[in-house]
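Just below is one structure, and these are the notes that go with it.
Just so it is clear, none of the values below were taken in a lab; they were calculated from the coordinates. Since we're looking at a predicted model, the values are computed, not measured. FYI the Cβ positions are ideal-geometry reconstructions off the backbone, even for glycines, and counts take in every protein chain you see.
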Amino acid sequence: MHISTHTLSFSTGGHTQIYDITEEVQALIEQQGYMEGQAGVYAIGSTAGISTLEYEPGLVKQDVRAMYQHFAPYGHPYRHNQTWGDDNGAAHLRSLLTGTSFHAPFVQGRLLLGTWQQIVFIDFDTRPRNRRVVVQLMGSKKEAQG
Amino acid sequence: MHISTHTLSFSTGGHTQIYDITEEVQALIEQQGYMEGQAGVYAIGSTAGISTLEYEPGLVKQDVRAMYQHFAPYGHPYRHNQTWGDDNGAAHLRSLLTGTSFHAPFVQGRLLLGTWQQIVFIDFDTRPRNRRVVVQLMGSKKEAQG
Amino acid sequence: MHISTHTLSFSTGGHTQIYDITEEVQALIEQQGYMEGQAGVYAIGSTAGISTLEYEPGLVKQDVRAMYQHFAPYGHPYRHNQTWGDDNGAAHLRSLLTGTSFHAPFVQGRLLLGTWQQIVFIDFDTRPRNRRVVVQLMGSKKEAQG
């Protein structure tokens, strides 16, 4: 059993912008030589989330945002905003419910996901950010060739 | 430390039908001889979910469906549906928010869950499917007897 | 690779009271001498949840409760309540959607979380409870000094 911890860094636009990070996670598994195990994927911060989604424009640019707007609308006078002179109360609520930790299993070095199932990072904050996603791999590696 | 990856396959009816898979997960732990570790349980696909629930008819057949219908109703004209000539936009949204990865710890070969807490697979799609759930076990095993 | 399973026990007030358990998880990692790995944090029961949240009073005492009240209100005549003479149907629905398993990675014995990101246990039930949260640590430990 091996373990290694990696960081993905990128710039985000906020307002429930959704990023497909499946290829980055898959690439780490291959680069590190893992065979069977799990990839833990973690959003660092309390205004972002990690889950899986079919990454197609109708869902990504409209339907997902409409759903979140329904139960935790931007622009609502949250107590959080009043207390801190902030405007991202909605982002905290969306993060809590979406979750910030996700795992995917892999076998023979390939993530086990559905055909239309991508690992997504969602930035719920109300301003551009530099974000970090931690990827922690645990599992067996290829045997060294003698 | 040992690791093994297994697949549960079953036919589902869709429309937020809920399946209790606790016994299948528990049986794998015992069959494989694990003692202490975690069971990762993963829905393969972007229109299903995994979580825990008290598996009783009132919740399973009515209350849970009413909750999901409130925030991501079937039959709504989602952009996803318009783009793809599909009708399962609601299923994608429900999956995103419910989550597709779940873990349960086990000790002495027994899952640590509450008395009324079952591991459930939920099929949110709008048609019958053949579904796969991946169960990945990591942990210690019984010592071989000398 | 090492693994160990621990239990946090505490008394809760219910009604979506939120508890910051970050320090308890961090303390276990240090006491056990872990260096790199993951902390699995599991709510035992079907009327509680685990996630991350900025632990500040505006969110904790008002905004989070208002969000949950919007999509799974206490006091609603759930079928669960009618069947069992119970009043906690809302608690089951909130638990299902929030999730009961959460993981955080750690490196050099320190949890990798955002500055304002705390691990929270939420008791959704409608009465005081004695609750258990299981923390399972997996990873490498400090080398024993020769």
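A few notes on this one:
- Label spacing, shortest first and in nm, from C:Q32 to its equivalents in the remaining copies (7 angstrom along Cα→Cβ): 1.9, 1.9
- Segment B:R129-B:T83, extension gain: residue separation times 0.36 nm, minus the distance between their alpha carbons: 14.4 nm
- Shortest first, A:T115 label-point distances to identical copies amount to 4.6, 4.6 nm, with the label point at 7 Å from Cα along Cα→Cβ.
- Rounded to the nearest 20 debye, the dipole magnitude of the protein assembly as shown is 120 debye, with +1 charges on Lys and Arg beta carbons, -1 on Asp and Glu beta carbons, and the Cα centre as origin.
- Charge dipole (chain C, unit charges on Cβ, about Cα centre) - positive-most of C:H76, C:F10, C:V134: C:H76
- The range C:2-141, dipole about Cα centre (Lys/Arg Cβ +1, Asp/Glu Cβ -1), debye to the nearest 20: 300 debye
- Net charge, A:T126 excluded, C-beta distance under 9 Å - Lys, Arg +1, Asp, Glu -1: -2
- Selected from C:R127, C:R79, C:R110 as most flexible by GNM, with chain C as the system and alpha-carbon contacts under 10 Å: C:R79
- Looking down the axis that turns chain C into chain B, the chain C residue with its beta carbon nearest that axis, and the gap rounded to whole angstrom, comes out as C:M1, 3.
- Summing charges over neighbours of C:Y74, with a neighbour being any other residue whose Cβ is under 15 Å away from its Cβ, gives -2 when K and R count +1 and D and E count -1.
- GNM flexibility winner over chain B from B:A90, B:A43, B:A66 (Cα, springs under 10 Å): B:A66
- Across the options B:Q108, B:A66, B:A43, the greatest Cα extent toward the positive end of the charge dipole of the range B:2-141 (unit charges at beta carbon of Lys, Arg, Asp, Glu) belongs to B:A43.
- Across the protein assembly as shown, Cα-Cα pairs farther apart than 37 Å form 17% of the total.
- 27 Å tail of the calculated P(r), chain A, as % of Cα pairs: 28 percent
- Cα centroid separation, the range B:1-41 to the range B:95-146 (Å): 5 Å
- Residues in the range A:15-58 that a label on A:H6 would reach, taking backbone N under 13 Å of a point 7 Å out along Cα→Cβ: A:21-35, A:38-42
- Relative contact order for chain A, counting Cα pairs under 8 Å that sit 6 or more residues apart, in percent: 53 percent
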